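Visitor: I am attaching a structure below and will ask some questions about it afterwards.
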Amino acid sequence: MKVLGIESTCDETSAAIVEDGNQILSHVIASQTEHAQFGGVFPELASRLHLDLMLPVIEEALIVEPDVIAVAEGPGLMGAILMGVSAAKALALAWDKPLVGVNHIEAHLYAAMMKTQVFPALGVVISGGHTLLLKMESVTEYEVIGRTVDDSIGEAFDKVSKMMKGPYPGGPFIEKLAKEGNPNAFGFKGGHVKRAPLNFSFSGLKTNVLYTLRENPNLADVAASFQRAAFFDLMKKMKGALETFDAQAIYFGGGVSNSLTLKDLFIGSFDQPVFFPPKDLSLDNGAMIAGLGYHIYQRYGDQRKLLEPYPRNPLYSASLK
Ligand code: KG4
Ligand code: ZN
């Protein structure tokens, strides 16, 4: 079964055709570079650019006729999501094909599962918007067992970069700077959340970094110590999560999992095999939407009448057990 996947939740306009959830037949990604001058994504500009890019991107991806259409329905920027959802609904009507909505966050995790699926598994979402630990029974069934109570881990990297007058997104900048610094220079720690040991809190760590920077101008040492604290906190909570069920694998998703420092640190640190999204699927893309869309269609069938964009809802509630 061939699924056309459409992604437009943020600043990438992308379309792909994926067969049976795992064979990418075509894949087109147009990244909107115009936002760099604003130091972040400018929502209205993103919507307008999606409008310009949507049809050329879909046309280029349409090398074969799809059986089903899948679209990212959230979370993300409302105006941007509406562009993809409107295009998908129009195509479903014109072609009289089934349509399914796909949660963008779940799709990021699915990118790591496209080739190998072993369950039960621990899903780890670490992005600019989310920090989540999921107990997963299948690609569409899971339970959230850990989440952040304040900033996401990616946001903490972005804010620390900003404190250092670095760029947005801050993760790659901090990672590069940290290579020159001593990770043990400062004893930073991630937050402990009372009565919820698998939850995350990064606001205390962030404030600690801010105060340290006022006294200490060595950016590399601060970056290295911050990065170490953030990753060790993640590892500690993942180990706690792995004690609660018999996980057979660990899957990562989200922009922070691009960090080579994280990969070096985490691969081999667990009893379970660890899977990351392949390089071409680590950013926002239509192939992960089409891939997961295949499974959503198998489980729920056509969702055309129910499909509505949701900018905030972090996870696709229908998937929650
Ligand atoms: O998943 P993503 O591309 O966007 C969404 O949030 O949907 O994640 C972006 C986040 C940003 O906060 C960025 O700073 C972080 O991923 N990031 C990193 C690295 N590369 C990207 N964080 C730490 N180290 C990196 N190398
Ligand atoms: Zn994303």
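The values are calculated or read from the model by the stated rules, or taken from the named source; none is laboratory data. In this text the structure is predicted, and so the values were computed from the model without any measurement. Every residue, glycine among them, receives a Cβ derived from its backbone with ideal geometry; neighbour counts consider all protein chains shown. Please note that ligands, DNA and RNA were not included when accessible areas were found on the heavy atoms of the full protein model with its side chains. Shrake-Rupley method; radii C 1.70, N 1.55, O 1.52, S 1.80 Å.
Visitor: Return the subset of LYS165/LYS237; LYS2/LYS97; LYS162/LYS236; LYS176/LYS263; LYS97/LYS305; LYS165/LYS279 for which the Cα-Cα distance in this structure is over 23 Å, preserving the input order.
Guide: Over 23 Å Cα-Cα: LYS165/LYS237; LYS162/LYS236; LYS165/LYS279.
Visitor: Karplus couplings for segment 61-71 from phi (6.51 cos²θ - 1.76 cosθ + 1.60, θ = phi - 60°), rounded to Hz, Gly and Pro as x?
Guide: Values per residue, Gly and Pro as x: 6, 7, 8, 9, 7, x, 8, 9, 10, 10, 9 Hz.
Visitor: Using only the alpha carbons of the chain, determine the length spanned along each of the three principal axes and report them from longest to shortest in whole angstroms.
Guide: Principal-axis extents of the chain (Cα, largest first): 63, 47, 30 Å.
Visitor: Turning to a different aspect of this structure: How charged is the neighbourhood of PHE186? Take every other residue with its Cβ under 11 Å from the Cβ of PHE186, and add Lys/Arg as +1 and Asp/Glu as -1. If you can, show how the numbers build up before the last one.
Guide: Details: positive: LYS189, ARG228; negative: GLU215, ASP221.
Every neighbour counted, the sum reads 0.
Visitor: Out of the total accessible area of the chain (probe 1.4 Å, heavy atoms of protein only), what percent is carbon and sulfur?
Guide: Using a 1.4 Å probe with all protein chains present, the chain comes out at 53 percent carbon and sulfur.
Visitor: Still on this model: Could you state the accessible area per residue of segment 165-302 in Å², with a 1.4 Å probe and every protein chain left in place? Display every interim value, and only then the final one.
Guide: Working: 6820 Å² over 138 residues.
Per residue, segment 165-302 has an accessible area of 49 Å².
Visitor: For SER259, what accessible surface area do you get with a 1.4 Å probe? Give it in Å², rounded to 10.
Guide: For SER259, solvent-accessible area is about 10 Å².
Visitor: Whole Å is fine, so just give me how far the alpha carbon centre of segment 1-59 lies from that of segment 97-169.
Guide: Going from one Cα centre to the other spans 19 Å.
Visitor: Is the shape of segment 152-247 rounded, prolate or oblate, going by the alpha carbon gyration tensor and its root eigenvalues a ≥ b ≥ c, with a/c under 1.5 for rounded and a/b larger than b/c for prolate? Please report the intermediate quantities before stating the final value.
Guide: Working: a/c = 2.04, a/b = 1.91, b/c = 1.07.
It is prolate, given that a/c is not under 1.5 and a/b is the larger ratio.
Visitor: What shape does segment 65-152 have by the C-alpha gyration tensor, where a ≥ b ≥ c are the square roots of the eigenvalues, rounded means a/c under 1.5, and otherwise prolate means a/b greater than b/c and oblate the rest?
Guide: Oblate, because a/c is 1.5 or more while a/b does not exceed b/c.
Visitor: Sticking with this structure for a sec: Label segment 1-142 by shape, choosing from rounded, prolate and oblate, from the square roots a ≥ b ≥ c of the eigenvalues of the Cα gyration tensor; if a/c is under 1.5 it is rounded, and otherwise prolate applies when a/b is larger than b/c, oblate when it is not.
Guide: oblate
Visitor: Please tell me the relative contact order of segment 132-247 in percent, rounded to the nearest whole number, where contacts are Cα pairs under 8 Å and at least six residues apart.
Guide: So the answer I get is 29 percent.
Visitor: Which value, in Å², gives the accessible area per residue of segment 1-154 when a 1.4 Å probe is used on the protein heavy atoms?
Guide: 37 Å²
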